[in-house]
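Enquirer: Take a look at this one; I'll ask things after.
Please treat every number below as a calculation from the coordinates, not as lab data. On a predicted model such as this, the values are computed, not experimentally measured, just so you know. Cβ coordinates were reconstructed from backbone atoms using ideal geometry, including for glycine residues, and neighbour counts include every protein chain displayed.
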Amino acid sequence: MTLALPIATAERRPYAVPEKALRRWVAERLGHGRREDGAIVYTFALTGSTCTNQPLDVVMRVVVSADGRIESTSATPAAADFGCDVMCASGGDGRKFLKHVGGCDEAVGMTLEQAAFHPWHVEPSGCFCSAGNRVHKWRNVFQAIHFAAETFVNR
């Protein structure tokens, strides 16, 4: 006998990211761990290129509290990254830049589903220079986490 748990929506919403990419991202880029208070800390290894066409490696972190709401978000350059410092908006200090504007404060308090399917005003680009560039990445991260959670629950 197979048991499938219901998801929060009656109909499955379409992801902005193709399912093949979501599956690959979940397998290769998404990590998670549980805190003692029941919160889940997700990390997503984002790679790409900057507005100056340099390699970019960023660790994006989402904490989902035990009640299922996003508690915090943050982005930091990965250990081997050198692209964050050369983004045009970083002023030569990618770590400081991402600490200041790299999170997605608008998602704090939302559920993963709300964040994954929120009508963000995205600007697809490899860098983090504009707010639209940043929410494009966050939307993709939220959708990857939501996809992983939905896939795991409905196994």
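Enquirer: Using only Cα atoms, what is the ratio of the radius of gyration of the chain to 2.2 N^0.38 Å?
Expert: Numbers: Rg = 15.7 Å, N = 155, 2.2 N^0.38 = 15.0 Å.
With N residues counted in the chain, Rg over 2.2 N^0.38 Å equals 1.05.
Enquirer: Tell me, Y15, Y42 in order of fewest to most beta-carbon neighbours within 10 Å?
Expert: So the ranking, lowest neighbour count to highest, is Y15, Y42.
Enquirer: Now a separate question. Please work out the Cα center distance from segment 65-90 to segment 95-155, rounded to the nearest Å.
Expert: Using only Cα atoms to place each centre, the spacing works out to 11 Å.
Enquirer: Once fully extended, how much extra length lies between A45 and A66, figured as 0.36 nm per residue of separation less the alpha-carbon to alpha-carbon distance?
Expert: Length difference between fully extended and current span is 5.2 nm.
Enquirer: Report the GluC sites (Glu not before Pro) located in segment 18-109 that are in a DSSP loop and have at most 16 other Cβ atoms inside 10 Å of their Cβ, or state none.
Expert: Filter output for segment 18-109: E36.
Enquirer: While we're looking at this one, here's another question. Calculate, in nm to one decimal, what A21 and A131 gain on full extension: separation in residues at 0.36 nm each, minus their alpha carbon distance.
Expert: Roughly 37.3 nm would be gained on extension.
Enquirer: By how many nm would the segment from F82 to R95 lengthen if fully extended, with 0.36 nm per residue of separation less the alpha-carbon distance? Write out the running numbers ahead of the final one.
Expert: On the way: separation 13, 0.36 × 13 = 4.68 nm, distance 1.02 nm.
Working it through step by step, the gained length comes to 3.7 nm.
Enquirer: Please give me, ordered by residue number, the trypsin sites (Lys or Arg not before Pro) of segment 5-89 that lie in loop per DSSP and have at most 16 other Cβ atoms within 10 Å.
Expert: Taking segment 5-89 and a limit of 16 other Cβ atoms within 10 Å, the loop trypsin sites (Lys or Arg not before Pro) found are R12, R29, R35.
Enquirer: Please report the relative contact order for segment 28-153, taking Cα pairs under 8 Å with a sequence separation of at least 6, and give it as a percent rounded to a whole number.
Expert: Relative CO of segment 28-153 lands at 20 percent.
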